[in-house]
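The values are calculated or read from the model by the stated rules, or taken from the named source; none is laboratory data. What you see is a predicted model; the values in this text were computed from it and never measured. All Cβ positions, glycine included, derive from the backbone under ideal geometry; neighbour counts span all protein chains shown. What goes into the accessible areas is simple: the full protein's heavy atoms, side chains included, and nothing from ligands, DNA or RNA. Shrake-Rupley method; radii C 1.70, N 1.55, O 1.52, S 1.80 Å.
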Amino acid sequence: MEAITMAYHTYHGVETRIVRIFNTYGPRMRLNDGRVLPAFIGQALRGEDLTVFGDGTQTRSFCYVDDLVEGIYRLLMSDYAMPVNIGNPNEISLKDFAEEILKLTGSNVKIVYKPLPVDDPKQRQPDITKAKTLLKWEPKVSLEEGLKRTIEYFRNA
């Protein structure tokens, strides 16, 4: 899609923006969408053990939806046509993330480890230098605060 968007921008002079979205979370997610964050929250709230694939050292970065929307808005209001990463560069290991979910949900289940799928990335961390420089944007909501809001939503859903 980036190539098509850039082609239209260049050839037809169409005003375009390209946002690269990284691991976003928040209320109204689907618990069964296959991503680690809703999977962990769902397991913890149902009293099931949390399943970590691999040894838990692989990292992820999570951006709260309110921060993502603000970043996209700022990009839309700019005149920058090249791709911009919007996400949270703060990494957390999946082991530490599972422990944080257990702490915030108050669940006393275990973390179980299963074999890592071959195509699972070891690290996911966006470089948001362009967003900081061009858009004066960076995430504001801490992982703990965003998780509290998300967990509360799922408890009441």
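In terms of solvent-accessible area of protein heavy atoms at a 1.4 angstrom probe, what is the ranking of PHE53, PHE154, PHE40, highest value first?
Values: PHE53 95, PHE154 25, PHE40 5 Å².
The most accessible residue leads, giving PHE53, PHE154, PHE40.
Could you give each residue of the stretch 51-58 its phi-based ³J(HN,Hα) in whole Hz, using Karplus coefficients 6.51, -1.76, 1.60 with θ = phi - 60°, and x for Gly or Pro?
9, 10, 8, x, 8, x, 7, 5
Report the charge-dipole magnitude of the stretch 28-157 in Debye, nearest 20, computed about the Cα centre from +1 at each Lys and Arg Cβ and -1 at each Asp and Glu Cβ.
Values: 19 positive and 19 negative charges, 36 e Å.
Using only the charged Cβ atoms, the result is roughly 180 debye.
Provide the solvent-accessible area of ASP55, counting protein heavy atoms only and rolling a 1.4 Å probe, rounded to the nearest 10 Å².
90
Would you work out what percent of the accessible area of the chain, with all protein chains in place, is carbon or sulfur (probe 1.4 Å)? Intermediate results must be reported in sequence, preceding the final value.
Working: 4840 of 9220 Å².
About 53 percent, which is the carbon plus sulfur part of the accessible surface.
Counting only DSSP beta bridges with both residues in the chain, what percent are antiparallel, rounded to the nearest 5? Kindly include the intermediate steps, with their values, before the conclusion.
On the way: 3 of 13 bridges.
Antiparallel bridges: around 25 percent, rounded to the nearest 5.
³J(HN,Hα) across the stretch 141-154 via Karplus (A = 6.51, B = -1.76, C = 1.60, θ = phi - 60°), whole Hz, x for Gly/Pro?
7, 5, 4, 4, 5, x, 5, 4, 5, 5, 4, 4, 4, 5
Relative to the present Cα-Cα distance, how much length would full extension add between THR10 and ALA81 at 0.36 nm per residue of separation? Before the final figure, lay out the partial values.
On the way: separation 71, 0.36 × 71 = 25.56 nm, distance 0.98 nm.
Here the segment from THR10 to ALA81 would lengthen by 24.6 nm.
Once phi is turned into θ = phi - 60°, what whole-Hz ³J(HN,Hα) does the Karplus curve with 6.51, -1.76 and 1.60 give for every residue of the stretch 91-99, x standing for Gly and Pro?
Per-residue couplings from phi come out as 8, 9, 6, 5, 5, 5, 5, 4, 5 Hz.
Give the separation of the Cα centroids, the stretch 1-74 to the stretch 92-157, in Å.
If you average the Cα positions of each part, the centres end up 11 Å apart.
Residues with amide H under 5 Å of CYS63's amide H, sequence separation 5 or more or different chain, H placed in the peptide plane at 1.01 Å from N; which?
THR24, TYR25, ASN88
Where q = 0.14, 0.27 Å⁻¹, what log10 of I(q)/I(0) comes from the Debye formula for the stretch 39-90, counting one point per Cα?
-0.59, -1.05
What is the projected area of the convex hull of the Cα atoms of the chain, averaged over all directions, in nm²? Please list the in-between numbers first.
Details: hull surface 40.6 nm².
Value for the chain: 10.2 nm².
If you rank TYR25, TYR8 by how much accessible surface each has, with a 1.4 Å probe, what is the order from largest down? Mind showing how you got there, number by number?
Numbers: TYR25 5, TYR8 120 Å².
In descending accessible area the options line up as TYR8, TYR25.
Mind ranking 118-126, 101-109 by how tightly packed they are, going by the mean number of other C-beta atoms within 10 angstrom, highest first? Show your work: numbers first, answer last.
Details: 118-126: 10.8, 101-109: 16.1.
Ranking, from highest mean packing down: 101-109, 118-126.
Taking a probe of 1.4 Å, how large is the accessible area per residue of the chain, in Å²?
Details: 9220 Å² over 157 residues.
Per residue, the chain has an accessible area of 59 Å².
Would you kindly state how much longer the chain becomes between LYS110 and GLU144 on full extension, computed as 0.36 nm times their sequence separation minus their alpha carbon distance, in nm to one decimal? Let's see the in-between values first.
Values: separation 34, 0.36 × 34 = 12.24 nm, distance 2.02 nm.
So the chain would gain 10.2 nm between LYS110 and GLU144.
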